[in-house]
Structures are given as structure tokens and as C-alpha cells.
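The values are calculated or read from the model by the stated rules, or taken from the named source; none is laboratory data. In this text the structure is predicted, and so the values were computed from the model without any measurement. FYI the Cβ positions are ideal-geometry reconstructions off the backbone, even for glycines, and counts take in every protein chain you see. We work out accessible area using only protein heavy atoms, side chains counted, and drop any ligands, DNA or RNA first. Shrake-Rupley method; radii C 1.70, N 1.55, O 1.52, S 1.80 Å.
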Amino acid sequence: MDQTWQSLKGQFLMAMPGLADPNFYQSVTCLSEHNPKGAMGIMLTRVHPTVNGKRIFAELHIPTAAGAENIPVHIGGPVHMNEIFVLHVAPFTWEGSMMVNGELALSNSRDILEAIALGSGPQAYIIALGCAGWGPGQLESEIHSNAWINGPYSESIAFKIEVERRWELALQGIGIDPVSLSAKAGHA
């Protein structure tokens, strides 16, 4: 393995203006895995226009508490669009929890969905359909081509800030004014 290779697992990826894929325009993706075999993450900036908690829980025959029908469902990315992922804070005791960093996990088991539907799930979470994925070396190549910039994870940006402001605030969190970004890459 390349000695300079470094995992970005647990970090944010912010789309740069030159990223041509409309799926990722002004997106923030939280990388839940990144290793030499590839990367995957959940986009934090797209709420599904037609699917909500009510529809997910009804389809899975999960009983709900009042208000569960208003839980938004995100578009996690263009890969595995029929699979449900839950990006969440503690607790991490769900059947399918995979730790992302010390304060964040990704789960896709029924028990966490049942708890969320009844109002007893994690205090902060995103339910997403689909994920973002990259093959070996693909993400590194896209970063080198100025498609993405990475930065630290922020619970506030991931779960508390309104979706429309997450990209801007994630960039500002690493000292970049989104207005000053160019779609052109420059390499010295």
C-alpha cells in the first residue's frame, strides 16, 4: 500500500463547483468508509421529494408513534437506491451498527428503524435511501481533479443545520468562502 495513502473515513466531502455530476451539486457527503478498496458515504444535503418516514415505515410494516410520518428521508447517493441507511449518533448497540468515528455510526438494521418510528431511536440521525460509492482509487482521483474537498465531521452540520445551508457552512468550517470557489483546478 502507498505509504502516503490516508483514510478520510469519518470526514466530510464537499463538492467543488467543477464537479459535473448533478447528483452531487453543492453536496456534503459524510464518508462512512474509506480504504484502498474504495469509499462509501451518505449525502447530507438532499431530502427525498416523495418519500418520508410514513412511507418507509408503512412499507416495512413498522408501528409508529405520532409524528413519525414527518421524518424526512434523504437521498444518500446514487448507489443502492433501494437500500435504507441510517447515519446516527449514540447509542451504537443496533444490530447493524458500523462505527464511522468515535461519535458516529452507520446502521441498516430493522431494530434502529423500529426505535426511530416509536421515538426511541438516537437523538440525531438521518434516514437515507441509497449511498455514494467509489471504487479503488476513484475518490482519490476525483479529489486530485478538484471535484471534492474534504474537511472534518461536524455533528451540527450533519444533523442540526438546515439541509440547504450544509454545503456552505461545511466549506466555511474549513475557511473557504463558497463565493470565491472556481470550477478550474490549479496544480503547482
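Add -39500 (n - 2.57) for each DSSP H run of 4 or more in the chain, then divide by its residues: what number comes out at 222 nm, to the nearest 500 deg cm²/dmol?
-4000 deg cm²/dmol
Which value, in nm² and rounded to one decimal, describes the direction-averaged projected area of the C-alpha convex hull of the stretch 102-186? Intermediate results must be reported in sequence, preceding the final value.
On the way: hull surface 30.6 nm².
Directional mean of the projected Cα hull area for the stretch 102-186 stands at 7.7 nm².
Say each of VAL163 and LYS37 gets a label point 7 Å from the Cα, pointing the same way as Cα to Cβ; how far apart are those two points in nm?
3.1
Carbon-plus-sulfur fraction of the accessible area of the chain, 1.4 Å probe, in percent?
Reported share for carbon and sulfur atoms: 53 percent.
Report the FRET efficiency, 1/(1 + (r/R0)^6), for ASP177 and PHE92, where r is their Cβ-Cβ distance and R0 is 41 Å, rounded to 0.05.
After rounding to 0.05, the efficiency reads 0.70.
Return the distance in nm (one decimal) between the two label points of a simple spin-label model at GLN138 and GLU59, each offset 7 Å from Cα along Cα→Cβ.
Rounded to a tenth, the inter-label distance reads 2.3 nm.
Taking the solvent-accessible surface of protein heavy atoms with a 1.4 Å probe, what is the per residue accessible area of the chain in Å²?
Result: 51 Å² per residue.
Quote the Stokes-Einstein diffusion coefficient, in whole µm² s⁻¹, for the stretch 44-173, based on the Kirkwood radius over alpha carbon pairs, a temperature of 25 °C and a viscosity of 0.890 mPa s.
Numbers: Rh = 15.7 Å.
Rounded, D is 157 µm²/s.
Subtracting the Cα-Cα distance from 0.36 nm times the residue separation, let me have the gained length for SER109 to ASN82 in nm, one decimal.
Between SER109 and ASN82, full extension yields 8.3 nm more.
With unit charges on the beta carbon (Lys/Arg positive, Asp/Glu negative), name the residue among GLN123, HIS74, GLN138 whose Cα is farthest towards the positive pole of the charge dipole of the chain.
After comparing all options, I get HIS74.
Run through the stretch 111-166 and list the GluC sites (Glu not before Pro) located in a DSSP loop whose Cβ has at most 16 other Cβ atoms within 10 Å.
GLU162
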